[in-house]
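Asks: The structure's right below; bear with me while I get my questions together.
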Amino acid sequence: FVKTHDISELTSELIGKQVVLGGWIEDLRKLGKMSFITLRDVSGISQVIVKGELNDNLGEINRQSVVSVKGIVQETKARDFAFEIKAEEIEVLGKAIHPLPVDPIGRVESNIDTRLNHRALDMRNQKTASIFKLRHYVLQSLRKTLTGKKFIEITTPKIIGSASEGGANLFSLEYFGKKAYLAQSPQLYKEQMTIGLERVFEISNFYRAENSHTGRHLSEFTSIDIEAAFMDYNDVMDVLESLVMEVYKYTSENCKKEQETIGHTIEVPKSPFERITYNRCIEELKSADEKVEFGDDLLDSHLRIIGDNHPGFFFLTDWPMKLKPFYIREKDEDPELSRSFDLQFGYLELSSGGTRLHNPEMLKARLKEQDLDPAQFTDHLKAFDWGMPPHSGWGMGLDRLMTTLIGIDNVREVVLYPRDPDRLSP
Ligand code: AMO
């Protein structure tokens, strides 16, 4: 059997014509001499009418078995369907056991762990499928917008010989008798690529050995990264803001069905996003009677206060240098402060980035200051002697962005097979 149409492709021009559909039996009702099958494929549902000899020979077919149906397209009186199919042949292509470990219709709710343990079956649940269709549209929008802004998509290695983010939270592995690591970010490679390509982006998975058990941390997450020559941190904040705005606009306009299925309306945020300095945050926290001083990292509890003061998207800028990685550049007018930012959605950090140090001598000095060994960065530092342009960039967690878009608070919902300290399979 070769499918001639997806269910959503059935039109009134096809009435009276023969088609071959393929999909899963969502419901099967036998009413004496007739059977009614609700057939679902990736695009929608249709009703299949089985009569006569075919009905007599239909036998037992469990719901959720996959079948192909050859038949004639007809008008229907049934409310839930645009057309119906009068079956001429039905072939069971793959049987489904009964009962299934997860109810794909979602009538019986399963907890997230049970669903993740049976993810492929969970994907037949329309809510889950809609989340991943939305994720596809988000990726499409990101690529389109970045390409429009002259960014070139690159793919950097995920197996690396030395740390790129300073060494904490690295997964290590055996590599032909040597020690290797899983990349935490494309940081060093993306910076190097500005030498030849000026503007680059990457959308890939990266790895963090963080023993965190929250709704926003994974050991393997998808990151959207950019790096741009001749841009300052304010410029790349603009890029980030327009990207987020486009994602919201694009999905809100093009994913009506998915929003309806999930039961969430995508609200396009207001722009421009507020840009709040770290110093102002400290003031706001002090006004809220929090014991914080300049130089303290902001705790989750602090970010919740700031998030309540500034709901939705905002940038948190000009962090103290001592809280930032070695590659971030200071502010000329106040070297204690950095040209850096986080993009927040309320208390949730979605992205961080900044202007980079591009002077090799300063970069070496900064590595030493942070107790890192410049010898470990020889390959990276070389590029800084080959005409390194001033550059800036950021990394944004795609999984976290998805949670803001669809209004949920667990990244596991938007990742096919999430990896966390308790979950390595399936
Ligand atoms: P940072 O470490 O802040 O910056 O990471 C950037 C963004 O990636 C996402 N993220 C995660 N998402 C899920 N689970 C995790 N364990 C996890 N860790 C990080 C977050 C975070 O804001 N190289 C810099 C970026 C840059 O300056 O270009 C970096 O990696 O959304």
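Asks: Over what distance in Å are the Cα centres of segment 349-394 and segment 18-89 separated?
Replies: One Cα centre to the other: 62 Å.
Asks: Take segment 57-209, compute every pairwise Cα distance, and split them into 10 Å bins from 0; I just need the percent in each bin.
Replies: In whole percents, the pair-distance histogram is 9, 19, 23, 21, 16, 11, 3.
Asks: Can you give the Rg to Rh ratio of the chain, both from alpha-carbon atoms, with Rh computed by the Kirkwood formula?
Replies: My calculation of the ratio gives 1.08.
Asks: Show the residues, 5+ positions off or on another chain, whose built amide H is closer than 5 Å to the amide H of Gln370.
Replies: Under 5 Å from the amide H of Gln370 lies no amide H from a residue far enough along the sequence or on another chain.
Asks: Nearest 5 is fine: what % of DSSP beta bridges in the chain come out antiparallel, could you say?
Replies: Just about 90 percent of them are antiparallel.
Asks: Could you tell me which residue out of Ser110, Gln74, Leu121 lies farthest along the dipole of segment 1-130 toward its positive end? Charges go on the beta carbon: Lys and Arg +1, Asp and Glu -1, centred on the Cα centre.
Replies: Value: Ser110.
Asks: Can you compute the helix-only [θ] at 222 nm over the chain? Use -39500 (n - 2.57) per DSSP H run of at least 4 residues, normalise by all residues, nearest 500 deg cm²/dmol.
Replies: -8500 deg cm²/dmol
Asks: Okay, next question. How do Phe132, Phe377 rank when sorted from fewest to most other Cβ atoms within 10 Å of their own Cβ?
Replies: Phe132, Phe377
Asks: For a quick check: with amide H placed at 1.01 Å from N, whose amide H comes under 5 Å from Gln64's, ignoring anything fewer than 5 positions away on the same chain?
Replies: For Gln64, the qualifying residues are Ile25, Glu26.
Asks: Near the amide H of Leu350, under 5 Å away, which other amide H atoms are found, from residues 5 or more places off or on another chain, if H is placed in the peptide plane?
Replies: The answer is Leu343, Gln344, Phe345.
Asks: Once both axes come from the Cα atoms, what is the angle between helix 126-148 and the longest principal axis of the chain, in degrees from 0 to 90, rounded to 10?
Replies: 50 degrees
Asks: Taking the chain as a Gaussian network, where each spring joins two C-alpha atoms under 10 Å apart, which residue of Leu381, Leu348, Leu58 fluctuates the most?
Replies: Result for the chain, Cα springs under 10 Å: Leu58 fluctuates most.
Asks: Which peptide among 250-260, 392-402 comes first, and what is the full order, when sorted by highest mean count of other Cβ atoms within 10 Å?
Replies: Peptide ranking by packing, descending: 392-402, 250-260.
No value in this document is a laboratory result; all are computed from the given coordinates. Predicted model, so just to flag it, every value in this text is computed and none were measured. Using ideal geometry, Cβ is built from the backbone for each residue, glycine included, and neighbour counts are taken over all protein chains shown.
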